[in-house]
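Structure record follows, encoded as structure tokens.
The values are calculated or read from the model by the stated rules, or taken from the named source; none is laboratory data. These numbers come from a predicted model, not from an experiment. With ideal geometry, Cβ positions are generated from the backbone for all residues, glycine too; neighbour counts draw on all protein chains shown. Protein only, heavy atoms only, side chains kept; ligands, DNA and RNA dropped before computing areas. Shrake-Rupley method; radii C 1.70, N 1.55, O 1.52, S 1.80 Å.
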Amino acid sequence: NADNQKASNVGKLVVLTSQQQATALAPAVGQTDLSGGTVTLADVAKAVSNAVAEALPALGAAAATPAVASATGAALQTALTTAATAAVQQIALTVPEVVASVGVAKLPPVAGSTTGEARASLRVLQYTDAQNWFIRSQQSTAADNTPDAGNRVRGFDVRTRMAPYAFEPTRGVAQSFAFGNTLENSGDLHWTGSTWAACTLGQRNTSTVRDAQGRNSYDYCDGYEKGTSVLTTQDIAGQTLASVLTGKIRSYPGGANGVLFSQWGPANLALLGTGTLPAGSQIGYTQGTVTESAWAYDLRASNQVLIFSAAVAAGGDARTGTPACAGATPSVAATTLEEMAARMPGQPCIFGAQTNADGTSTNPRQGWGPTSLSLGNLANGNTLPAGTGNYYTTTARLRVSFAASGNATTYHSCYERRADGGTQNCSVIGTGTYSIATLGDARVMSFANLPVQVEGLTFRRVFVERGGRIYYGYKNKVGQEFNNLALNLPAANAYLGVLGLPIIQPADAPQALTGAKATN
């Protein structure tokens with residue numbers, strides 16, 4: 001029956017995906033990992049198994065698509081192979097990531113201490129000059145590190161950015177905050193279970209004391225994110241600041257807060273001199289999994305959903321007339337989720353081909369921006385249409401539109417115009433439904449039966465109606481894994497000190513530097 005066939009297809013897809021992923025990662029075998037050991041075939045097999053397990057929801061969704069579910073015989077094999085290739089692209093696991101992960105797993109785990117002492121870790125260091133830098137540290141005082149009755153300890157996040165004034169490029173302003181990459185985007189609100197709240201400077205995050213294997217569970221910012229992690233460390237005392245930066249930090253894959261580890265530290269390596277790291281210096285590697293996340297949204301006006309008139313939303317063919325969608329019409333802020341849905345029916349405005357400095361569009365050229373809403377953008381999710389040059393990017397703009405009545409949705413994958421990021425020529429990739437939940441004084445719209453492409457995003461789109469406005473919201477993807485790198489307090493202050501930046505001194509109330517001008 002259909003259920004048996006779907007189960008069979010999922011099983012075949014798992015096997016094909018595992019085979020393709022193992023082939024892609026084969027070059028990792030024999031490489032030297034950061035522990036000094038050698039990556040084995042068994043190490044790669046374990047990495048493949050973990051990656052495919054994490055991708056099971058996407059594989060299940062892929063097996064349910066018409067391209068797979070309705071195929072038989074040789075056509076089915078072709079469809080499954082194509083789906084497996086797409087799954088490997090979405091998993092996006094690279095050889096350097098596998099080598100790093102294998103090495104981290106071989107390092108000694110860090111068991112938690114029940115002796116309270118001040119600690120800190122430096123997660124991000126980006127430095128151009130005295131007027132342009134960004135640091136993120138996680139800090140805890142001696143009192144924070146004294147376990148409570150529930151065997152939990154605490155810590156807080158401090159991010160400080162120095163950036164020049166627009167009209168005084170030689171002078172900067174230091175800003176400290178607890179969330180995001182800048183003070184302007186640090187105020188996202190999330191649903192704690194009882195209220196909508198922001199992550200504030202000095203707010204304590206909690207975690208269990210790490211066990212003998214270095215494992216703990218954490219609660220970041222009162223339920224914004226929960227998960228589990230394992231910490232391992234490597235002794236770097238006595239090594240030069242420059243050698244650790246180039247040989248360990250910048251060679252580590254990934255990044256944090258929009259800063260790649262390959263870009264970590266000062267742009268000018270000569271600023272580090274020949275200094276060495278003091279006794280007690282360690283580099284820590286945290287591998288973890290997100291197990292819970294909250295609904296959240298950016299409350300700035302720039303994040304509000306804008307809608308056009310019903311005539312614009314209706315689309316039309318500008319090649320045979322002059323529909324409202326072909327003119328310059330103003331947008332307004334949507335006030336209810338129902339109004340938003342009614343103005344997003346997925347009816348494009350159709351034009352003839354366009355040629356610009358980047359290339360030539362498809363013919364016809366369709367504009368979908370005013371008639372659909374963003375679910376997120378998937379990097380490298382599209383193949384450029386033949387003959388278009390670089391008119392489009394390879395980013396897939398994933399969108400949603402709504403039925404005229406009821407709660408039905410249609411999901412689309414669209415091209416992105418390179419010149420202005422416009423949403424062009426969408427294709428249907430699935431259908432589903434939406435539901436609306438009341439959370440405090442807000443109403444939140446979420447979606448069901450999302451297409452497999454959405455599994456490639458790190459979040460799920462929601463829309464939040466609050467205070468007579470609609471905001472683009474999000475919910476971080478549960479089950480996604482992360483790999484972080486950080487320096488402990490002695491090592492962190494060695495780098496900060498040599499660059500003339502404020503050293504880390506964990507305190508009960510971290511200093512708010514917002515608005516403080518640089519003096520050098």
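Is there a residue being free of Cβ contacts under 8 Å to residues at least 40 places away in the same chain, of a type in the set (Phe, Trp, Tyr) and part of a loop (DSSP other than H, G, I, E, B) anywhere in the stretch 216-238? No; the residues of the stretch 216-238 include none that is free of Cβ contacts under 8 Å to residues at least 40 places away in the same chain, of a type in the set (Phe, Trp, Tyr) and part of a loop (DSSP other than H, G, I, E, B). Among the residues of this structure, Gly247 does not count as one that is part of a loop (DSSP other than H, G, I, E, B) and more than 22 Å from the chain's Cα centre (by Cα). The set of residues from the stretch 377-394 being surrounded by 15 or more Cβ atoms within 10 Å (Cβ to Cβ), farther than 28 Å from Asn476 by Cβ and β-branched (Val, Ile, Thr) comprises just one member, Thr388.
Of the residues making up the stretch 1-23, those that are open to solvent by 50 Å² or more (accessible area, probe 1.4 Å) and assigned to a helix (DSSP H, G or I) number 11.
Just wondering, is there one or more residues in the stretch 395-403 that are open to solvent by 50 Å² or more (accessible area, probe 1.4 Å) and on the phi < 0 side of the Ramachandran plot? The answer is no; no qualifying residue exists.
Specify the residue that is nearest to the chain's Cα centre (by Cα); the eligible residues are those in the stretch 188-208 that are in a loop (DSSP other than H, G, I, E, B) and closer than 25 Å to Thr141 by Cβ. Going through the qualifying residues, I end up with Cys199. A count restricted to the stretch 377-393 and to residues that are part of a loop (DSSP other than H, G, I, E, B) and under 14 Å from Gln90 (Cα atoms) stands at 4. Could we say that Asp211 is touching a residue at least 60 places away in the same chain (Cβ under 8 Å), outside any strand (DSSP E or B), surrounded by fewer than 18 Cβ atoms within 10 Å (Cβ to Cβ) and of a type in the set (D, E, K, R) here? Answer is yes for this residue. If the condition is being in contact with a Ser or Thr (Cβ under 8 Å, 6 or more places away or on another chain) and open to solvent by 60 Å² or more (accessible area, probe 1.4 Å), then the stretch 50-81 contributes only Ala67.
When the criteria are applied in full, Thr458 meets the requirement of being within 20 Å of the chain's Cα centre (by Cα), closer than 28 Å to Gln89 by Cα and open to solvent by 50 Å² or more (accessible area, probe 1.4 Å). In the stretch 182-208, the residues that are within 25 Å of Thr228 (Cβ to Cβ) form Cβ pairs under 8 Å with partners that are at pLDDT 95 or above and β-branched (Val, Ile, Thr), at six or more places apart or across chains, as follows: Trp191/Val444; Thr206/Val153; Ser207/Val153; Thr208/Val153.
Looking at the stretch 439-513, the strands (runs of 3 or more DSSP E) lying wholly inside it that each contain 2 or more residues that are modelled with pLDDT under 95 and out of contact with any Leu (no Cβ under 8 Å at 6 or more places or on another chain) sit at 481-488. Look at the stretch 25-37: where a residue is at negative phi and open to solvent by less than 50 Å² (accessible area, probe 1.4 Å) and a partner is among the aliphatic types (A, V, I, L, M) and assigned to a loop (DSSP other than H, G, I, E, B), sitting 6+ places away or on another chain with Cβ atoms under 8 Å, you get Leu25/Leu93; Ala28/Val39; Asp33/Val39; Leu34/Leu107; Ser35/Leu107. For Thr409, the requirement of being modelled with pLDDT of 95 or more, open to solvent by less than 30 Å² (accessible area, probe 1.4 Å) and not aliphatic (A, V, I, L, M) is met. If the condition is being closer than 17 Å to Lys12 by Cβ and out of contact with any helix residue (DSSP H, G or I) (no Cβ under 9 Å at 6 or more places or on another chain), then the stretch 76-112 contributes only Thr78. The criterion of at least 2 residues that are surrounded by fewer than 20 Cβ atoms within 10 Å (Cβ to Cβ), polar (S, T, N, Q) and touching a residue at least 60 places away in the same chain (Cβ under 8 Å) is met, among strands (runs of 3 or more DSSP E) falling completely within the stretch 264-376, by 282-293.
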